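Written out below as structure tokens is the structure these notes cover.
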Amino acid sequence: TLGRQALRILAIGAETRYIHGGEVLFNSGDEADGGFVIQEGRFNLSSAGRRDITVGPCTLMGEVALFTDTLRPTTATALEPSTVLRIPRPLFIKMLDSFPDAARKLREMLASRLGQSAREFHNVRNALDAHEPK
């Protein structure tokens with residue numbers, strides 16, 4: 001979506017981190033100041049009251065933190081030796097400023113995803129309302 005040049009800027013400015021198997025990359029509730037792209041390895045994402053998820057290479061973790069101050073909603077634990085790219089929010093914002101076409105494409109993609117989420121919430125609410133005792 002972002003294009004080759006924009007991705008190159010992110011790759012050059014990103015920090016590579018090696019994470020040992022069993023090591024926690026971040027904890028639920030931690031302040032988030034950027035995102036992580038998994039290059040190698042797999043992570044377990046867990047949070048209270050939700051089913052765990054396993055993610056692997058090419059997964060972007062913490063995408064909301066690329067845009068705004070937020071807290072991590074999950075704990076990310078390496079299931080095996082892993083390598084990630086840490087993309088700080090200021091680097092991501094600078095890239096968007098430098099590549100307006102990439103920013104537009106990303107905005108369109110996010111708007112589509114938010115619209116889909118809103119429709120799904122609406123469907124869940126309707127289903128719950130239909131089963132509510134009168």
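The values are calculated or read from the model by the stated rules, or taken from the named source; none is laboratory data. Quick caveat, the model's predicted, so the values are computed rather than measured. FYI the Cβ positions are ideal-geometry reconstructions off the backbone, even for glycines, and counts take in every protein chain you see. In case anyone asks, the SASA skips ligands and DNA or RNA and just uses the protein heavy atoms, side chains included. Shrake-Rupley method; radii C 1.70, N 1.55, O 1.52, S 1.80 Å.
Annotations
- Chymotrypsin sites (Phe, Trp or Tyr not before Pro) within the range 59-128, DSSP loop, no more than 15 other Cβ atoms inside 10 Å: Phe67
- Surface composition of the chain: carbon plus sulfur atoms contribute 55% of the solvent-accessible area (1.4 Å probe, protein chains only, all chains present).
- The chain: C-alpha gyration tensor shape, a/c 1.5 cut-off, then a/b vs b/c: oblate
- Note on the chain: with charges restricted to the Cβ of Lys and Arg (+1) and Asp and Glu (-1), its dipole about the Cα centre is near 380 debye.
- The range 84-132: C-alpha gyration tensor shape, a/c 1.5 cut-off, then a/b vs b/c: prolate
- Which of Gln116, Ala76, Met61, positive extreme of dipole for the chain (C-beta unit charges): Gln116
- Accessible area (Å², per residue) of the chain, counting only protein heavy atoms and a probe of 1.4 Å: 66
- When you restrict to C-alpha pairs under 8 Å that are six or more residues apart and normalise by the size of the chain, the relative contact order lands at 33 percent.
- MRE, 222 nm, helices only [DSSP H, n ≥ 4, -39500 (n - 2.57), over the chain, to nearest 500]: -13000 deg cm²/dmol
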